[in-house]
Amino acid sequence: MSKRPRLGWLGGTFDPIHCGHLDVARAAHTALALGTVRLVPTRVPPHRSAAHAPPKHRWAMVTLAAQAHDWLGVSDDELQADGPSYTIHTLNRLEEQGMDLGGLHVITGADAFATILDWKDATQLIDRCHFVVVSRPGHQAQALRQTLPMLATRMLDAKSYVEASTPSIFLVDTPTAPVSSTEIRNRVAAGQSLDGLVPEAIATYIDTHGLYRGEA
Ligand code: ATP
Ligand code: MG
């Protein structure tokens with residue numbers, strides 16, 4: 001067995017972090033026997049409008065959420081970098097810092113991975129590290145074999161996991177909370193409860209700092 005550290009890397013706007021994100025992180029951690037999963041808030045989402053809460057609040061919330069689990073960590077790598085957060089630039093930075101990318105597992109939801117071919121330098125990207133793709137309600141991971149047939153040969157069922165020597169795309173189909181950050185922001189703006197949708201500490205943080213109240 002290789003002793004290579006096995007790191008999970010879950011990027012996102014986390015505007016705010018919610019129970020669905022934690023389910024994705026947990027599913028990847030369990031399915032691939034990862035050591036740690038780092039939550040990595042992006043600075044400026046490449047294909048999206050600016051975030052709703054400023055970076056310092058999004059960072060504070062992922063930090064709070066990670067404190068509750070010893071297998072979860074955070075990284076401010078993308079918040080500290082210049083310009084938009086492109087995964088290929090992240091890999092370059094991690095490699096410059098001496099990381100062995102062979103142990104890196106970039107985690108995404110199946111909705112996000114469906115757009116992979118539009119990501120900057122996509123072909124190079126999937127040749128440099130493993131991906132772990134977790135289903136999201138309405139988006140099965142296994143369905144990606146049909147929607148991305150050109151990548152199907154490197155898609156592996158995470159259930160039959162064996163340490164892969166070449167960069168692979170591990171598919172994990174498991175229930176995750178049917179919630180999105182958009183729904184959370186809308187609920188706050190409408191004065192509705194966040195019970196069961198975000199960890200309690202996050203609901204308290206959003207309330208204390210008056211985040212998302214003027215959204216709608
Ligand atoms: P928004 O509504 O603002 O787009 P979001 O809930 O989609 O927010 P992001 O920060 O955009 O959250 O997502 C970060 C990553 O987490 C993406 O790869 C996304 O696919 C995944 N993800 C988010 N929520 C879920 C969920 N409920 N189940 C599975 N994957 C999820
Ligand atoms: Mg999203």
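What tally of residues in segment 184-200 results from selecting those that are surrounded by 13 or more Cβ atoms within 10 Å (Cβ to Cβ) and either β-branched (V, I, T) or in contact (Cβ under 8 Å) with a residue 24 or more places away in the chain (or both)? Matching residues across segment 184-200 total 8.
Filtering D127, D77, D82 for residues that are charged (D, E, K, R), more than 15 Å from ligand 2 (Cβ to nearest atom), buried (at least 18 other Cβ atoms within 10 Å of the Cβ) and farther than 19 Å from V198 by Cβ leaves a single hit, D77.
Look at segment 152-181: where a residue is closer than 13 Å to D127 by Cα and without any contact (Cβ under 8 Å) to a residue 12 or more places away in the chain, no partner that is of a type in the set (A, V, I, L, M, F, W, C) and within 16 Å of ligand 2 (Cβ to nearest atom) sits 6+ places away or on another chain with Cβ atoms under 9 Å. Restricting the first member to segment 9-29 and to residues that are under 20 Å from R43 (Cβ atoms) and in a loop (DSSP other than H, G, I, E, B), and the second to residues that are at pLDDT below 95 and more than 10 Å from ligand 2 (Cβ to nearest atom), the beta-carbon pairs closer than 7 Å and six or more apart or on different chains are T13/T42; T13/A51; D15/A51; D15/H52; D15/A53; P16/A53. Tell me, yes or no, whether segment 157-173 has at least one residue that is among the aromatic types (F, W, Y) and away from ligand 1 (no atom under 15 Å from the Cβ). Yes, because at least one residue in segment 157-173 is among the aromatic types (F, W, Y) and away from ligand 1 (no atom under 15 Å from the Cβ).
For every residue, the table says whether it meets (1) of a type in the set (D, E, K, R); (2) under 20 Å from A25 (Cβ atoms).
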| position | (1), (2) |
| --- | --- |
| D157 | yes, yes |
| V162 | no, no |
| I169 | no, yes |
| P178 | no, yes |
| I184 | no, yes |
| A190 | no, no |
| P199 | no, yes |
| T204 | no, no |
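Restricting segment 26-51 to residues that are within 15 Å of ligand 2 (Cβ to nearest atom) and at pLDDT 95 or above, which is nearest to T90 (Cα to Cα)? Residue satisfying both the conditions and the ranking: V40.
The values are calculated or read from the model by the stated rules, or taken from the named source; none is laboratory data. All figures in this text were calculated on a predicted structure; none of them were measured in a lab. We place every Cβ from the backbone using ideal geometry, glycine too, and count neighbours over all the protein chains shown.
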